[in-house]
Protein chains: 2
Amino acid sequence: MLKGKLLVAQGGGPTAVINQSMVGAVLESRKFLNVELVYGALNGVRGIVDENFLDLTRETTHNLEMVAQTPSSALGSTRDKPDLKYCQEIFKVLRAHGVAYFFYIGGNDSSDTVRIVSEEAQREGYPLRTIHIPKTIDNDLVLNDHTPGFPSAARFVAQAFTGANLDNWALPGVYLAVVMGRHAGFLTAASALGKKFPDDGPHLIYLPERDFDVDRFLSDVKDTYERFGRCVIAVSEGIHDSSGVPIAVKLAKVQERDAHGNVQLSGTSSLADLLTETIRTKLNIKRVRGDTLGYLQRSFIGCVSDVDQREAREAGEKAVQYAMWGENDGSVTIQRTGFYSVDYKLAPLAAVAGKTRTMPDEFIASSGTDITDAFRMYLRPLLGSRMPDAYRLRSESNSVPKILTK
Amino acid sequence: MLKGKLLVAQGGGPTAVINQSMVGAVLESRKFLNVELVYGALNGVRGIVDENFLDLTRETTHNLEMVAQTPSSALGSTRDKPDLKYCQEIFKVLRAHGVAYFFYIGGNDSSDTVRIVSEEAQREGYPLRTIHIPKTIDNDLVLNDHTPGFPSAARFVAQAFTGANLDNWALPGVYLAVVMGRHAGFLTAASALGKKFPDDGPHLIYLPERDFDVDRFLSDVKDTYERFGRCVIAVSEGIHDSSGVPIAVKLAKVQERDAHGNVQLSGTSSLADLLTETIRTKLNIKRVRGDTLGYLQRSFIGCVSDVDQREAREAGEKAVQYAMWGENDGSVTIQRTGFYSVDYKLAPLAAVAGKTRTMPDEFIASSGTDITDAFRMYLRPLLGSRMPDAYRLRSESNSVPKILTK
């Protein structure tokens, strides 16, 4: 085992359970005598380069447990994606502080960062063990059954649509909400998990795994509205036309791109507004409302899956165990072993980094606007215990005969 | 006591606890032998005119209890505001079905409906007892300490901003979210209840009780951003300029008005997008994100104040007691009697109907962009038990000395 300090950092978009992974890594690493101190880098790789470290060994276990239950990244995050020069600066700092273990909790982009750091360390002969700990609400990491952060975000989306469906039933019309997920529709598909009765919404679900056609969309909405007198729609922010051009981008006057070359889809509501306006004008329906679920999906406090908390915690613990007892750098992955149970494996960084997983066809109904029972079976155990349930008054058996109206 | 049927209906925007009031009224009324049957009208007054009734006497108590815990209006709602002719149709139906008691659960507009119905009944000599049961997330009914539905919506807003603040801390920039509340800023002000540390957001709160000036706004945001390196902003959908013109209306190309003459402020995100775009261009800040909390504020399932549930239930129960043992029609009001305890009074309908309560000056800080401790004391007990709390890593005492950086 390498002897030295252990450094943990958090990258990319925060989740409701990313602190569980951080705390899992910190507390597990305290069991190993070769780990001298446990540092946390503030704001991801940026904090390494800037030497902004917290000595987490000086934190109380009690406060760490409280932080673990708090959403968002307690160490701060970054969108920086290190190139070779950036990596060399990272090594300089790691060497100066005697860091032997580097754990980076993050999604696609962060796993690629870990891969570059790992490869550069080997090339320079710097003795460093690097482990990527998965997190992403998009659920788009390959080789994982699912990724920590997704179940809690999915729970939020399911609860949001359960309520929105009830609201839309009370005051009928068309309700549309845009859900996060750039390339993968898992989070948008989660909107269906609050459905109980056959006429419950969302009645239509639009995923980035299927091409979006405005005419088809209008026809779907019209049919649903005529059938139920109302329509609830879930739309992924990443929907695109058959040429692959995102519908959101088609409209956005200003295309803001982040350092990874990703188009900014969240934090703007143009997609919801365009789609509701299209429905209003083309279908002549008066009550059309649109929401963009926005940052609440990943940061709302008090809506978390206990299964997600547990797994995020374990992923952090396993990262330490792999680092101490294993011979390789890698990415912690979650494997489903029962209904419901999981185990963990360490995958090669290159097998995970920079790859995007999307929804398999078996999860998407042939209509292209609904999900399958296979997806329901996949997602339900992840949402955790005490999911709120919606109840109705029984209307058919208890309706009162009319006296005046014939 | 009048002998006959009891009819309950729900009007206006749904809330998380409006079904508690309905179920409270239904179950309490079953204790009175002069109440022959308990009917529920579907979709408010519209359901009365259309004779769409459910016989709630045939519901199981168990299912009623489950419905009570379900958000949104289980009987459906309406935006209809009856005029004289509409009221005459209502009487025709009530008379035909032998209804002696009419309970309408709703906000400002619904209380005015109850007033018209009550006055018309007296003018026509129709023996009818009508009671208005309060609900509104806007908290804008006069003569009430607060109104059922507001505490749960306030809890949602507080939890949303607690999370948004953590997210914004992790990935700094400007975050702005628009909160419901046409004339009253109570719900927007609730955004401050998740603040724990002096640098926590929301750093700026814009209420409809104060005139909104774009230049002043930009200067506030600039100062905050320079001080904290980030800025979280809560904005009421009802903010307006000094001439009283809503900022949202200034921008909206299409002004959709409902039957009450109210401008449609929710279900569109133009206000958030305009304000974030203004910040981005005028202050040259790159990361500016805007959300509109939208319908989740009133319909999200699984985020409810137990205090709110209890009071909504009691308001429904008290309505029955006032109707049976009292001599007057009226509106149930909530009075605060301790810290924290409430009691109920029946107020004359004319004293409540159509009037709007806004935030008193003592709840708004002199800066105009923050709330006072008086408001914090007012709101905190309403949010209920088990409010989620946010924890931080201790950074000052545990920061690691830099080695390379001087």
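Number of residues in the range B:1-38 that are within 26 Å of the chain's Cα centre (by Cα) and surrounded by fewer than 24 Cβ atoms within 10 Å (Cβ to Cβ) equals 2.
Look at the range A:124-136: where a residue is of a type in the set (S, T, N, Q) and a partner is part of a strand (DSSP E or B), sitting 6+ places away or on another chain with Cβ atoms under 7 Å, you get A:T130/A:F102. Just so you know, in the range B:7-63 the residues that are touching a Gly at 6+ places or on another chain (Cβ under 6 Å), of a type in the set (A, V, I, L, M, F, W, C) and free of Cβ contacts under 8 Å to residues at least 60 places away in the same chain include one that is farthest from A:Y391 (Cα to Cα), and it is B:A41. Residues that are at pLDDT below 95, under 26 Å from A:R313 (Cβ atoms) and within 14 Å of another protein chain (Cβ to nearest Cβ) within the range A:79-111 comprise A:R79, A:L94, A:G107, A:D109, A:S110, listed in sequence order.
Filtering the range B:357-406 to residues that are surrounded by 13 or more Cβ atoms within 10 Å (Cβ to Cβ), among the polar types (S, T, N, Q) and either within 30 Å of B:P134 (Cα to Cα) or in the same structural domain as B:R216 (by TED's automatic domain parsing) (or both) leaves B:T358, B:T369, B:T372.
Within the range A:153-180, the set of residues being facing another protein chain (nearest Cβ under 9 Å) and part of a strand (DSSP E or B) comprises A:Y175, A:A177.
Just one of the listed residues (A:V304, A:V320) is crowded, with 20+ Cβ neighbours inside 10 Å, among the β-branched types (V, I, T) and in contact with a Phe, Trp or Tyr (Cβ under 8 Å, 6 or more places away or on another chain), namely A:V320. Residues in the range B:370-406 that are more than 9 Å from every other protein chain (Cβ to nearest Cβ) and touching an Asp or Glu at 6+ places or on another chain (Cβ under 6 Å): B:A374, B:G384, B:S385.
The values are calculated or read from the model by the stated rules, or taken from the named source; none is laboratory data. None of the values given here were measured: they were computed from a predicted structure. Positions of Cβ are generated from backbone atoms using ideal geometry, with glycine treated the same way; all protein chains shown enter the neighbour counts.
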